[in-house]
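Bear in mind that the values in this text are calculations on the coordinates, not laboratory data. These figures come from a predicted structure and were not determined experimentally. Virtual Cβ from ideal backbone geometry, glycine too; neighbours counted across all protein chains shown.
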Amino acid sequence: MKVIVTKNYEQMSEKAYEVVSDIIKAKPDAVLGLATGSSPIGLYENLVAAYKRGEISFKKIKTVNLDEYVGLDEKSDQSYVYFMRKHLFNGVDIDLNNTNLPNGKAEDAEAECARYTALLETMPQDIQVLGLGSNGHIGFNEPGTAFDSTTHVVKLTESTIRDNSRLFANIDEVPRYALTMGIANIMNAKKIIVVANGTNKADAVYKMVKGEVTEAVPASVLQNHPDVIVVCDELAAAKL
Ligand code: F6R
């Protein structure tokens, strides 16, 4: 695991941008695994700016996102598909048909999970972008999730509902369930980059990088992956 510590969020985002844009330049039809949340927004801003400068193109890029809330779709501004269009897809020349997220509105959630896992097997991520939950979750894989899990339905923990409620009008509006890539699907990526910033991530960063590899800390599984880069700011790196 390679750890890069930056001064602040802006520098973290630029460093992450360098890693992801190198992949896009080397392989214009790469499969990008993407995350939502506040951590990768700066990375996406840098990617959009580079596209606008004519330095990179997403014409042949394909994407697979980690997760989606159950019950939400692109019409809801809290859905992850809405987030991705707003922060990345609408700002670049990507074909929306090449973008994939689990369908939160699927009638049969179990069948949707099986479909998504089968899709991921046909298009392994050249790079997977991850944020990190303050409880060590990756995707919506909460503490205790099996390392061999594939796409599944999760009941969100109180801590994640609380963390995510800042993005909703009130905590009651936060969906209680989500669909998420499993840990095995994430570990199948050829390369993984984790972005983490702020004091509230310091414990999770420490446990991910230096703690015991245990299902109690989902991100600790990344110690078993051969090509992981962690880019974090000084606050998130404080306990390393
Ligand atoms: C988002 C996701 C989550 C977030 C994590 C950190 O698609 O899967 O695991 O990456 O909750 O969220 P932020 O970046 O908002 O702190």
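For the stretch 110-119, filtering for residues that are surrounded by 17 or more Cβ atoms within 10 Å (Cβ to Cβ) and free of Cβ contacts under 8 Å to residues at least 12 places away in the same chain leaves 0. Evaluation of Ala216 against the conditions (1) closer than 23 Å to Gly42 by Cβ; (2) outside any helix (DSSP H, G or I) shows that the sole unmet condition is (1).
Yes or no: Thr150 surrounded by 15 or more Cβ atoms within 10 Å (Cβ to Cβ), over 20 Å from Tyr51 (Cα atoms), more than 16 Å from the ligand (Cβ to nearest atom) and touching a residue at least 24 places away in the same chain (Cβ under 8 Å)?
No; evaluated as a whole, the condition is false for this residue.
Do we have any residue at all in the stretch 224-232 that's more than 12 Å from the ligand (Cβ to nearest atom) and either among the polar types (S, T, N, Q) or assigned to a helix (DSSP H, G or I) (or both)? The answer is yes; a qualifying residue exists. Note on the stretch 163-189: among residues that are free of Cβ contacts under 8 Å to residues at least 12 places away in the same chain and more than 15 Å from Tyr69 (Cα to Cα), the one that is surrounded by the fewest Cβ atoms within 10 Å (Cβ to Cβ) is Asn170.
Only one of the listed residues (Ser76, Ser21, Ser38, Ser57) is polar (S, T, N, Q) and under 15 Å from the mean Cα position of the chain (by Cα). That residue is Ser38. Pairing residues of the stretch 120-142 that are closer than 24 Å to Lys155 by Cβ with residues that are more than 11 Å from the ligand (Cβ to nearest atom) and of a type in the set (Gly, Ala, Ser), at Cβ distances under 8 Å and at least 6 apart in sequence or on separate chains, gives Gln128/Ala189; Gly136/Ala216; Gly136/Ser220; Gly139/Gly182; Asn141/Ser149; Asn141/Gly182.
Among the residues of the stretch 121-133, those that are surrounded by fewer than 23 Cβ atoms within 10 Å (Cβ to Cβ) and within 16 Å of the ligand (Cβ to nearest atom) comprise Ile127, Gly131. Just one residue in the set Lys25, Lys59 is away from the ligand (no atom under 12 Å from the Cβ), farther than 20 Å from Gly131 by Cα and in a helix (DSSP H, G or I); that residue is Lys25. Is there a residue being within 17 Å of Glu18 (Cβ to Cβ), within 12 Å of the ligand (Cβ to nearest atom) and in contact (Cβ under 8 Å) with a residue 60 or more places away in the chain anywhere in the stretch 94-109? There is no residue in the stretch 94-109 that is within 17 Å of Glu18 (Cβ to Cβ), within 12 Å of the ligand (Cβ to nearest atom) and in contact (Cβ under 8 Å) with a residue 60 or more places away in the chain. Scanning the stretch 88-104 for residues that are assigned to a loop (DSSP other than H, G, I, E, B) and within 21 Å of Gly37 (Cβ to Cβ) gives Leu88, Val92, Ile94, Leu101, Pro102, Asn103, Gly104. Output yes when any residue across the stretch 47-57 is out of contact with any strand residue (DSSP E or B) (no Cβ under 6 Å at 6 or more places or on another chain), within 15 Å of Ile193 (Cβ to Cβ), surrounded by 17 or more Cβ atoms within 10 Å (Cβ to Cβ) and not polar (S, T, N, Q), and no when none is. Yes.
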